[in-house]
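For reference, the structure discussed in these notes is given below.
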Amino acid sequence: MKKIYCFIGLACIICLGFQTSHALQPGVQELFSKVDTARRIQKIKITVLDLASSKPLDSVQVTLGKESKYTVKGIVVFENNEDSVIVLSKPGYRRMGKKVLTPSLVVRMVNTERVEGYAVSSALLKASNDAFSPSAVVVTGEELRNISVLSLIDGLKFYLPSLLVSKSNNQGDNPNSIPGLSLSGTGNFPFWANTAGNNKDNTSSGLLTTPSVSDYIASNTIANSTPVILLDGIQVSLQTILDIDVNRVKSVTILKDALAMASYGMRGATGVIAIKTNKPSGKLEISFREQAQIASANISSFTPLTAKQKLEVEKNSGLFNGALAPVYQNRYNQAYANDVNTDWLSIPLRNALSTKHTLALSAGNDDMAYGLTGSYNNVNGTIKGTFRKNLDLGAYFGGHFGEFSFSNQFSYLGTDAANSPYGTFDLYAKMNPYWQVNDQYTGKFQKIVEYNALGNGNLTYVNPAYNSTLSTTDAMKYSRYSNLTNLNWLLGRGFQLDGMIGISKQSDELNHFLPPNHTAFASITAENLFTRGLYNYTSNSFFDVQGGLRLQYEQNFDKHYLFASIGQNLSQTSSESEAVSVSGFATDRLVDIALGNSYNIAKPVSGKIVTRYVSTFGNVGYSYNGRYQIDISGAMDYYSGLNQAANFGAVGVSWYINKEKFLKSVSWIDLLKIKGSLGISGNQNFLSYLNRTTYNYYTNQQYIPTGSSMGTIGIGLGAYLTGMANNQLQSPETFKQDLGLEASLLHNQLTFSLNVYKQISYRMILPVSSVASTGYQNFSFYDNYGEIENNGFELLAKATVYKSLHHNLKINVIANALRTTNKINAAGPYLNDVNNYNDFAVPQTTIQPKYVVGQPVYGIWAVPSLGIDAQSGQEIFLKKDGTSTTIWDAKDKVYAGSLVPTWVGALGTEINFKQFSFGAYFNYQYGAKAYNQTMADIENATVDYNLDARLFNSGRWSPGMPNAAYKGLFVSPTYATTRLVENENKLQCSSLTLGYMLPKTFSQRINAKNIGVKVMVNNAFEIGGADMQRGINYPFQRNYTFILNANF
């Protein structure tokens, strides 16, 4: 890390030298100070227009000599001024100078946002007239960092409730896990349900063994509701976005209406998240940001039994009589005589300290800008040994020559990550507290915590913490290099030509090693001694080329405004993966895959997938008098996964009611707009070669003709079919219609928007089932069928409830809400087969998904419970025919609630007082259901391991107890039942922040523009939800962050 800072520091000195030498060049500033005393014009009229649209620009600062004025309706007038050079500046436009030679001068300024190429949208550029951008939510980087400096996604979900973020209850806040994302509902069936062969292995389903985390094609195929994610106009994977430095983000634009989705063609159905990073300002600036974070595990949902409580349960079970009595007596002595009561939950946990260091340099002038950025983020998880280290470096160079501008951005992203050698958290939750973690003689972790020699065998229990003393490895690392070049040419007369090419290359490596002395091999017998130890190695790579060209036109004609664009995007991805699994290692210390003695699987596996995509897009928009607008967009796409073109289109209209005559006199209405759109977009999140017949070889046998003189050298290999091509496959489509209202009132002190939508996803690509008699069961075939409907509305509001310039006090309130529902309109035979498999071929002690027409995609399916019989303690179930029984039958399952909440949203307040700032931000959900797996596990538990203290719940059955909520212990197995379905309504305090900006007098002493400090608490608390364990394999955590930032 020191080398990185030395490099950036050296670059800073060099840039400072260039900056100084440029400033000292003769004539550089002469244009802005020269006075033409020979020519004095009494009155000068300056008209300032946007270069692309010829629209008059307001609030442009025009400086003539020592006099400065601002344009009104694009015009400014100077009188009796002897200077002859004007300087024009406006945020978002290039600063420029012009010599005045006539009494009337027209100046055209260049919008810098327009020459950033594909940064926001490959098809729709935000025109100077706001009516002709699709309905979008824009969140600034600073707003995101007010919520979280740890995760861009956590910040986004506060401002946009339609961005549904789901964290696995198993993975919790593991820094190496990825959350699930979707925009405005569910548009596809889960990957494992819509892909043939997922019950077997990835080779059957058609995926690479372990594709690169940079492979957005593969990641979006698996998480097939994930929106398209663009980083400065280039599509990337969700993991890439999670790993980049949040401080680099300038803004995030979310596009999810029909108009925007259609313009993205086959990629648009799941919505678009477009991220724009900071660019150098063209001035000499240095900024750094130091961040320290302490994370503590939130294990309040875990309530394990104490040693004495567990012994009482064991005694009452009656299982430790007879031959097992010595086992119980030994445990009793440990708890009562030796006072052993081990807190196993604390063994793998720590208060984790993480740090982030960010440094940025920018330099240049009005014509050219360049900069360097560097960030090192060392994230440590709350389970010991878990970490993720990210190194994010970037270099930017850009400028313009007249009407031509360019930029080139190179970046490197490297990650080194590991999961804990301690193993998963649930291993410790079930350890009995009367077991000791350390050997009483050595004081180190012992491998065997209990050993009992019984007549019919041995009873051995192992210590999961012992594995941390070995060379246990579960690590991943990757290096990503990318380069993005943007070219822009303002052709004049309203035309602009943009071009872009992006190239990225990433290499990943995964190493997973279990030493031979690992507890996973504790039960291996002597005759299998040399099978102990396991090494899984995976190497993969991803190469991606994306390019595009776009021509756009924008012009004002009196009351008429016209905007049009046409262009083409091209991309090609190549993903390769190789994996090998070796077993049989001699010692724990020899950690090399070459030292294993046999393959753990039949042979190494490898794969390569290449995809190609071409999209031709267009957009035309017209506005009359700034009141009525209509916009049409469309795309024609070719994708290597299909044999035919796919066409998409949409139309949108809007009406600015506040500009009508009957409302012009209403001063408290700043904006009142009605908008709507409808259109069709596509979905690319399916396996990319289903239009091709695929096969594999019998490499363990060859064909040798009888009597051949070739000996054992065969002349051919046998092959077997793995997938049958469907040449008629069509792109899945989504029809969406939305109607919205936007308003800004009371001089923009209250803003809100309401958007109602209906979305139908149909013609999905799903496997086709074949009966055994056809002989078509050993390979896959896919076709178009299935339909899912989403309905809902979203409300966003922000208000300034108090503002005092005198006291420098401002209080803002933010609130938003989303109501969403979904249902399956059409399924098919394959999904029926999936349902049958989930009902009869997998364990029923946990809930299993089903896909039934008329019901949501993510639902809870369980057998209706009529309660627990007071005398026998058996559960009584309701059958489909209306009768009751004590026999559980999967055929009686019913829909018992949705795992997805009906309502989600956020509430927050921001207070700024002088140099202090405070923010409190909350997320809520309502209408979701949860299956209390914790209670189910208690009812299905044995006495071998520890139990949760919820077993003492007052509602647990005892003989003769009426209306019991829970079954007694060790009575009978508990399968999916509506009795354990609970409400999952909850309120979470996502973030609390307190900041302070140091006085400028102090900052100026060290030549700083500003210095600020901030403290932040994330996941401060949570209220409500089902009473069950959370963070099963990895705990959720509470984060405390201190931030220091300075700009020079």
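Every number here is computed from the coordinates shown, using simple stated rules; none is lab data. Being a predicted model, the structure only gives us computed values, none of them experimental. Glycine gets a Cβ as well: all are built from the backbone with ideal geometry, and neighbour counts include every protein chain shown.
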Sorted by chain and number, the residues with a modelled amide H under 5 Å from that of residue 929, at a separation of 5 or more or across chains, are 898, 899, 900, 984
What aspartates and glutamates does residue 559 reach when the alpha-carbon gap must be under 19 Å and sequence neighbours fewer than 8 apart in one chain are set aside?
50, 58, 130, 631, 660
Ranked by Cβ crowding within 10 angstrom, fewest neighbours first, how are 769, 677 ordered?
769, 677
The local net charge around residue 826, scoring Lys/Arg +1 and Asp/Glu -1 for residues other than residue 826 whose Cβ lies under 12 Å from its Cβ, equals 0
Normalised by the number of residues in segment 378-463, what is the relative contact order in percent for Cα pairs under 8 Å and 6+ residues apart?
20
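Among 312, 794, which comes first, then next, by fewest other beta-carbon atoms within 10 Å?
Placing the least packed residue first, the sequence is 312, 794.
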Give the calculated FRET efficiency between residue 700 and residue 841 to the nearest 0.05, with a Förster radius of 22 Å applied to their Cβ-Cβ distance.
0.15
Per DSSP H run of at least 4 residues, take -39500 (n - 2.57); add these up for the chain, divide by its residues and hand me the 222 nm value, nearest 500 deg cm²/dmol.
-3000 deg cm²/dmol
Treating cross-link reach as a plain straight distance, find the aspartates and glutamates whose alpha-carbon is under 16 Å from the alpha-carbon of residue 758, omitting any fewer than eight places away in the same chain.
257, 733, 738, 787, 789, 794
Estimated D of the chain in µm² per second, where Rh is the Kirkwood radius over Cα pairs and Stokes-Einstein applies at 37 °C, 0.692 mPa s
100
Segment 725-880: Rg to Rh, with Rh as the Kirkwood radius over Cα pairs
1.20
Just to confirm a number: summing +1 for Lys and Arg and -1 for Asp and Glu over residues other than residue 1007 whose beta-carbon lies under 13 angstrom from that of residue 1007, what do you get?
+2
Which whole-number percent gives the relative contact order of segment 34-109, counting Cα pairs below 8 Å spaced six or more residues apart?
39
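Using a cut-off of 13 Å between beta-carbons, work out the net charge of the residues near residue 650 (Lys and Arg +1, Asp and Glu -1, residue 650 not included).
Charge balance in the 13 Å sphere: -1.
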Between residue 593 and residue 497, what is the label-point separation in nm under the 7 Å Cα-to-beta-carbon projection?
4.9
Counting other C-beta atoms within 10 Å, which of 192, 957, 489, 344 has the fewest, and how do the rest follow?
192, 489, 344, 957
Using the Karplus curve 6.51 cos²θ - 1.76 cosθ + 1.60 with θ = phi - 60°, work out ³J(HN,Hα) for each residue of segment 482-490 in order, rounded to whole Hz, and write x for Gly and Pro.
9, 9, 10, 10, 10, 10, 9, 9, 7
What's the extension gain from residue 397 to residue 970 if we count 0.36 nm per residue and subtract their Cα-Cα distance?
199.3 nm
Across 5 Å bins from the origin, how do the percents of Cα pairs in segment 478-613 run, short distances first?
2, 8, 13, 11, 10, 8, 8, 7, 6, 6, 5, 4, 4, 3, 3, 2, 1, 0, 0
What nm distance separates the two modelled labels at residue 319 and residue 296, each placed 7 Å from Cα along Cα→Cβ?
3.6
Quick one: what does P(r) look like for segment 34-109 with 5 Å bins over all Cα pairs, in whole %?
3, 17, 32, 26, 14, 7, 2, 0
Among the lysines, which fall within straight-line cross-link reach of residue 608, defined as a Cα-Cα distance under 30 Å, with same-chain neighbours fewer than 8 residues apart omitted?
200, 389, 477, 505
Distance cut-off 23 Å, Cα to Cα: go down the list 308/430; 276/986; 256/798 and report the pairs above it.
276/986
